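Here the structure is laid out as structure tokens; the discussion comes afterwards.
No lab work stands behind these numbers, since they all come straight from the coordinates. Quick caveat, the model's predicted, so the values are computed rather than measured. Positions of Cβ are backbone-derived with ideal geometry, glycine not excepted, and every protein chain shown enters the neighbour counts.
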Amino acid sequence: MEVHGEIYWNWIVAVDLFGAGLSAGAFFLSAMAYFLGHEKYNNITRIGAYIAPFPLIIGIICLIIDLERPHLFWKLLLTVQPNSVMSLGAWLLFIFSLFSFVHLYLWLPEGYDIPHLFKKIPESWRRNPLLRVIENNRFLRDFRTKDLTVKRGLIAGFGIPISIGVGIYTGVLLGALVAKPFWNNPMLPMLFLLSALNTGAAAICLLGCFLGGRGRMSRQDIETNKFIVHSIDFTLMVFLVIAIALFLFGLYTSPRSSVEAAGLIMGGEFTFLFWVMFVGIGVILPLSIEVYELIPHFITQVALREHKPWLSGVLAISVLLGGFTLRYVVVYAGQLAKVIA
């Protein structure tokens, strides 16, 4: 007989997992675009850097507010417990947030270095001793003006494995709970990682539709960025389809508890959300759009179709909606399905 569990983690946890994954995906693609060609894919690198810190921070703030004693959250960072996935994850998210903010700072437009920013502060405020120390700090003054290329490369290079770790961690955190058969699936971390990269690419695409209109980017730049973003997105979604199939296969080839847990998305209460909202709208629809955009170019070697911002917007929004739905379903279904006694 199946035992149904209580709901302790609500939609806020899904927001946290989604935000962390989106930030990790945006940082990873931004850094990879920099190494593949920082001049050719400069817009992708810059937009990814603008996005990376904020979804993670929003998710963490929501999670802290939802705690019973939110004022004590900082105690997680006082110790490192190697045997605790939660402790290691807290440190991983903290380190990644630092990297993402530095990455953002290094890619801000000219005029955002410390000396220029302090010139915009009223003179009366600048008399504050603390602000004077910051303004006159040589390291901060030179950080964006000396060896900028080296600094960008170092932050991107070290940040790539950290961002991958964050993308995987969101699945490992749930999978570590052995008593939850829906979560204790070896494909869950990979499913979350691919979804994180996918949503990161979608966020870059969506913001690019607003920041990179025809008045701001040349036709060649639009086509170059469109091709690489859609190619990455198409590849990720193909692997995502495979990961979904393997995730379901893992549920049905595991002990009876996992088979019963699979029923929650195979005719159960989460069937619509999983198959229509996540698979249908979040995977199949954008994959179909990618096929429409890319296949003629690859098969017949013709130029890419005329860029339609609204179509890219539909693709990006559907991917983001699907990415959040996946985490919502996994969080709730995982708590309702328990080991069969």
Count of lysine pairs, the chain, Cα-Cα under 20 Å, sep. 8 or more residues or interchain, comes to 5
The simple spin-label model distance between H297 and F272, using points 7 Å out along Cα→Cβ, in nm, is 3.7 nm
The distance between the Cα centres of region 279-322 and region 45-69, in whole Å, is 28 Å
Scalar couplings 3J(HN,Hα) for region 69-77 by Karplus 6.51 cos²θ - 1.76 cosθ + 1.60 (θ = phi - 60°), nearest whole Hz, x for Gly and Pro, are 10, x, 6, 9, 4, 5, 5, 4, 9
Note: T149 to A245 extended length (0.36 nm per residue) minus current alpha-carbon separation gives 30.4 nm
A correct Karplus calculation of ³J(HN,Hα) over region 321-337, with 6.51 cos²θ - 1.76 cosθ + 1.60, θ = phi - 60°, whole Hz and x for Gly and Pro, returns 5, x, x, 5, 4, 4, 5, 4, 5, 5, 4, 6, 5, x, 7, 7, 8
Placing each pseudo-label 7 Å from Cα in the direction of the beta carbon, L117 and F94 end up separated by a distance in nanometres of 2.2 nm
Whole-Hz Karplus couplings 3J(HN,Hα) for region 140-155, θ = phi - 60° and coefficients 6.51, -1.76, 1.60, Gly and Pro as x, run 5, 5, 9, 4, 9, 10, 10, 6, 5, 4, 5, 4, 4, x, 5, 5
The set of residues whose placed amide H lies less than 5 Å from the amide H of A337, leaving out same-chain residues fewer than 5 positions away, is G5
Taking a crude spin-label model, label points 7 Å out from Cα along the C-beta direction, the R141 to V80 distance in nm is 3.5 nm
Around F158 (Cβ within 14 Å, Cβ-to-Cβ, excluding F158; K/R +1, D/E -1) the net charge comes to +2
